[in-house]
Amino acid sequence: MSAVRTVGMTVSDMSRALDFYTRVLPFVLESDNELAGRSIEQLQGVFGARVRVATLRLGDERLELTEYLTPKGRPMPADSRGNDRWFQHVAIIVSDMGRAYATLRDRAVTHASTGPQRLPDWNAGAAGIEAFYFRDPDGHFLEILAFPPGKGDPKWHRASDALFLGLDHTAIVVDDTEASLAFYRDTLGLTVAGAGENYGVEQEHLNNVFGVRLRITTLRAATGTGVELLEYRAPRDGRPTPHDLRANDVAHWQITMAATGIERLLRPTRLFQLVSPDLTGIDAAGAGFSRGLLVRDPDGHGVRLVS
């Protein structure tokens, strides 16, 4: 796997979403296209799909928003929790947690954490990291994250006047880390970059899940946003991803990865399920790639492989 190109999600109202991501947050709009046709239907597994796709940039990383103009899907489940297996977020790195949180408070974002949390010193791997979860207008989880000196990618510590720096990773809840590693590491070729276990009152208030004990595994491609696996060892009451989740439902996210040899993924396997019925040639101007395949990982998270 050569790169994670974008992380994206389905939104219900593009104008509202763009206002949030470019005004409340400082993403920059790079492209805004309307796509339709048989190849888009095949790729996304949604008959009659007509989509508006906006690509946003923050630092070196990109976020992709997709509105289904037709057919409309289902809204985000109102009771979505941090340990449900359709949970996914992107981690936005900030240079100063206090200032970033104050900015979000001034702009009336919806809290998902009770407030910013500093992970404790006894947790060697995460000590001093500050984090806060909040939600966008559709209910997607987002995180701001501040690394202390010596932690995180060195690029996050470069001198900069910016408050919001870029996207470090996307985090997904998984039922079984080993099953997810068989897909992301062994099948897709991502490399394990770190692992640890987090628990305690700070983690409870961050995830807004009482009694949380998390196994965390971080994977990376050669370039692009990382992928973080979150396995809830406790509590084990998170709900599975709905079996009928579709790409036009607002709970749908997709990680887009540049890949070679995608054809081999068409072989029968239990590691993932196909959403696209076949590797699809894309003839829609503005898509940004010529061939693609959308699959779902063992927990139902969307992964789009393109070349």
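Just to be sure I understand: if I project the alpha-carbon convex hull of the chain onto a plane and average over all orientations, what area do I get in nm²?
Taking a quarter of the hull surface, the average projection is 14.3 nm².
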### Query
Which loop-located chymotrypsin sites (Phe, Trp or Tyr not before Pro) does segment 174-238 contain, where loop means any DSSP state but H, G, I, E or B and the Cβ has at most 12 other Cβ atoms within 10 Å?
PHE210
#### Entry: Fewest-first sequence of THR66, THR6 by Cβ atoms within 10 Å of each Cβ
THR66, THR6
### Task
Normalise the Debye intensity by I(0) for segment 161-307, one equal point scatterer per Cα, no solvent, then take log10 at q = 0.10, 0.13, 0.14, 0.17 Å⁻¹ and round to two decimals.
-0.40, -0.66, -0.76, -1.07
### Task
Determine, for ILE93, ILE216, the number of other Cβ atoms within 10 Å of each Cβ, and report the residues in order from fewest to most.
ILE216, ILE93
### Message
With a cap of 10 neighbouring Cβ atoms within 10 Å, and only residues DSSP puts in a loop, list the trypsin sites (Lys or Arg not before Pro) found in segment 210-307.
### Response
ARG236, ARG270
### Query
Calculated FRET efficiency, ASP244 and ARG105, Cβ-Cβ r, R0 45 Å, to nearest 0.05?
0.75
### Summary
Each label sits 7 Å from Cα toward the beta-carbon; between ASN208 and LEU266 the label points are separated, in nm, by 4.3 nm
### Task
Report the paramagnetic label zone for ASP283: residues of segment 59-103 whose backbone N is under 16 Å from a point 7 Å from Cα along the Cα-to-Cβ axis.
none
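Take SER2, SER276 and order them by how many other Cβ atoms sit within 10 Å, fewest up front. Walk me through the intermediate numbers first.
Numbers: SER2 14, SER276 20.
Taking fewest neighbouring Cβ atoms as first place, the list is SER2, SER276.
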#### Entry: Share, in percent, of DSSP beta bridges within segment 88-234 that are antiparallel, nearest 5
75 percent
### Query
Helix 97-106: angle to the longest alpha-carbon principal axis of the chain, degrees 0 to 90, nearest 10?
70 degrees
### Message
Give the residue list of chymotrypsin sites (Phe, Trp or Tyr not before Pro) in segment 1-78 that are DSSP loop and have at most 13 other beta-carbon atoms within 10 angstrom.
### Response
PHE47
### Message
Stokes-Einstein diffusion coefficient for segment 88-234 at 10 °C in a medium of 1.306 mPa s, Rh from the Kirkwood formula over Cα pairs: what value in µm²/s?
### Response
100 µm²/s
### Task
Nearest 5 is fine: what % of DSSP beta bridges in the chain come out antiparallel, could you say?
75 percent
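Bear in mind that the values in this text are calculations on the coordinates, not laboratory data. Quick caveat: nothing in here was measured; it's all calculated off a predicted structure. Because the Cβ atoms are built from the backbone with ideal geometry, glycine has one as well, and the counts that use them run over all protein chains shown.
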